[in-house]
Each structure stands twice: as C-alpha cells, then as structure tokens.
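The structure appears right after this line, and notes come after that.
The values are calculated or read from the model by the stated rules, or taken from the named source; none is laboratory data. No experiment lies behind these values; they were computed from the predicted model shown. As a convention, Cβ positions derive from the backbone with ideal geometry for all residues, glycine included, and neighbour counts pool all protein chains shown.
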Amino acid sequence: MVPNHWAGLSLHRPLIMGILNLTPDSFSDGGRWLSLPTILDAGRAMTAAGADILDIGGESTRPGAATVSVDEECARILPAIAALARDGAVISVDTRNAATMSAALAAGARIINDVTALTHDPRSLGVVAEAGAPVVLMHMRGTPATMNGLAVYDDIGAEVAAELSGQIETALAAGIAREAIAIDPGLGFAKVGAQNVSLLRDLGALRALGFPLLVGLSRKGFIGAISGEAMAGQRLGGSLAGALFALTHGAQILRVHDVAETVQAVRTWTALSSA
C-alpha cells in the first residue's frame, strides 16, 4: 500500500515539484536562470504559485549532455539552495553525485532526486542513508551519452518496474528507510518515442510497488512529437494534458516547469474528479 505522506508532505492531494535548472544546457530552460537574483525570483515565484517542492539541479542529464565537475555543480546550486531554504521552501537537489548531495543537504536541501537511482556514485547510498533524507529513485539505463541506445524493451512497464524494484532493494539494504523512498519511471531516459506513451499507460505496474510515484514529463520530446510542437517552451498544453493523464493513472507528484498553470489544472481536475 502506498503511504499517504512522503518527505513530510501529505499525499492526500497531488504535489507539484517546480524545476529550477541552473545550467546553460538543459533541454528546455538552459541558461534562463544563471544569476542568483533571477534564480531566487524564479524560485520564490514558483513557491508563491503553489509549488510544494523546488527541484534544483546544476548538471544537465539530457541525452548527450556533457559531464559537469562536482565543484562546478555545487557552485551553481548551493547559494540558491541556501537562500530558498531560509525562505522555508522544501528543496530537492537533482544530482547523481554523492559529494553534491552532502553539500546540498548541509545547505538546506531536504530531498535527494537522483536520475540514476543512487547507482552512479557508489558513495551516494551511504550519504542518503546516514542523512535519513527522502529520496527519488528514477529509472534509467546507462548514462546520458548511452541511454537512448539501451531503450530496448519487450514489456516496458514490467521491465521498468522490475529494474526499479532491484534498485529499491539495494537502497533498503544500504539502510535507507522504506518510507523515505519515492520512485520515478524516468520518461525520456532510456525511453524513446512511443515507449514513453506505453510506460505512462502502464504506470499501474510501478504503482503496485507501493511507493509514492513521481512523474516528470513537462515539455519533453515525446510531448512535442505527439502535439506537433517542435519548441520545448511551447509545449504547455501537451504537458498539462500529460500531467493530468499521469494523475489519472496513479502519479502523486508532478515535476514541472510551468508551476502556476499546472497548479490551476490540477486543482480543477481534482475538483471535477471528486464531484
């Protein structure tokens, strides 16, 4: 049975995680927020618009993205994490590096969001376990450079669920509490084209694992392919439709670029669904 709280937040309604990519090369918003004042303005605007969590990252993991050093990653994100945490925001750090996780937690982050499900850096399991931090384990194969070549599935829902289940068991064996774990199907990460649609339709296979389910499909390429919109920043309508579809199929946390619009859509969907 899926718990009704995670990271100190109630799951009785959908949670909204706002994306703050402090990178020059993220697929949608790279280079948008590179000075601390603009970053803080953006984060505070997301919180005011209804974001429950701010997800802050300093390394792009889009297909083919270049690796960033831990020093550079920390320089990009730590000042913003510290300032927004002082404001009272719930901060998630989007990183695959154990040293960055430790530094972000010390700066005020509360949640670790790792696209590699704590497999990239062998020290990360210990960092999360020792801190007792809530963690998002995302499904991915390979690295940003190799993942699309590994997108081969016979039954994508069952295979993603099985691979995530193994990563969950590794996390539990390392001392990470069951109630600290949320999972993410990793749309766009070792999934290409219609595979993302099939996985969304089969979210029940992940829901059955018994952990809070986070879905991040905002502005992604498969939304563009479905909608016919080539520009990532113009995929709001498709992103909202996908978000509501995900909620209908068991998602409890939405990771999004467009917080205000998603909050409005989710509130309307929730009211209509419960009427």
*asked:* Tell me yes or no: at least one residue of the stretch 44-55 is in contact with a Leu (Cβ under 9 Å, 6 or more places away or on another chain), modelled with pLDDT of 95 or more and under 25 Å from A190 (Cβ atoms).
replied: yes
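Filter the stretch 13-38 down to residues that are at pLDDT 85 or above and crowded, with 17+ Cβ neighbours inside 10 Å, then give me how many there are.
Result for the stretch 13-38: 9.
Residues checked against (1) free of Cβ contacts under 8 Å to residues at least 40 places away in the same chain; (2) in contact with a Leu (Cβ under 9 Å, 6 or more places away or on another chain):
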{"site": "I226", "(1), (2)": "yes, no"}
{"site": "G233", "(1), (2)": "no, no"}
{"site": "L236", "(1), (2)": "yes, no"}
{"site": "S239", "(1), (2)": "yes, yes"}
{"site": "A260", "(1), (2)": "no, no"}
*In the stretch 203-252, which residues are among the basic types (K, R) and under 15 Å from the mean Cα position of the chain (by Cα)?*
R219, K220
*For the stretch 87-118, name all the residues that are small (G, A, S) and either crowded, with 24+ Cβ neighbours inside 10 Å or over 14 Å from G58 (Cβ atoms) (or both).*
G88, A89, S92, A98, S102, A104, A106, G108, A109, A117
*asked:* If I ask for residues that are surrounded by fewer than 21 Cβ atoms within 10 Å (Cβ to Cβ) and over 11 Å from I16 (Cβ atoms), which ones from the stretch 248-269 would you list?
replied: T248, H249, G250, T268, W269
*Output the number of the condition that G210 fails; it satisfies all remaining conditions of (1) in a helix (DSSP H, G or I); (2) in contact (Cβ under 8 Å) with a residue 60 or more places away in the chain.*
(1)
*Of all residues in the stretch 214-233, how many are part of a loop (DSSP other than H, G, I, E, B), surrounded by fewer than 17 Cβ atoms within 10 Å (Cβ to Cβ) and out of contact with any Gly (no Cβ under 7 Å at 6 or more places or on another chain)?*
2
*asked:* Among the residues in the stretch 47-68, are any free of Cβ contacts under 8 Å to residues at least 12 places away in the same chain, surrounded by fewer than 18 Cβ atoms within 10 Å (Cβ to Cβ) and under 21 Å from M140 (Cβ atoms)?
replied: yes
*Subset of the stretch 241-261 [under 21 Å from D202 (Cβ atoms) and either part of a helix (DSSP H, G or I) or touching a Gly at 6+ places or on another chain (Cβ under 8 Å) (or both)]*: A241, G242, A243, L244, F245, A246, L247, T248, H249, G250, L254, R255
*Residues A65, A45: which one is part of a helix (DSSP H, G or I) and among the small types (G, A, S)?*
A45
*asked:* With the structure loaded, tell me whether D121 is under 22 Å from S60 (Cβ atoms), among the charged types (D, E, K, R) and either surrounded by fewer than 24 Cβ atoms within 10 Å (Cβ to Cβ) or in contact with a helix residue (DSSP H, G or I) (Cβ under 7 Å, 6 or more places away or on another chain) (or both) or whether it fails that test.
replied: yes
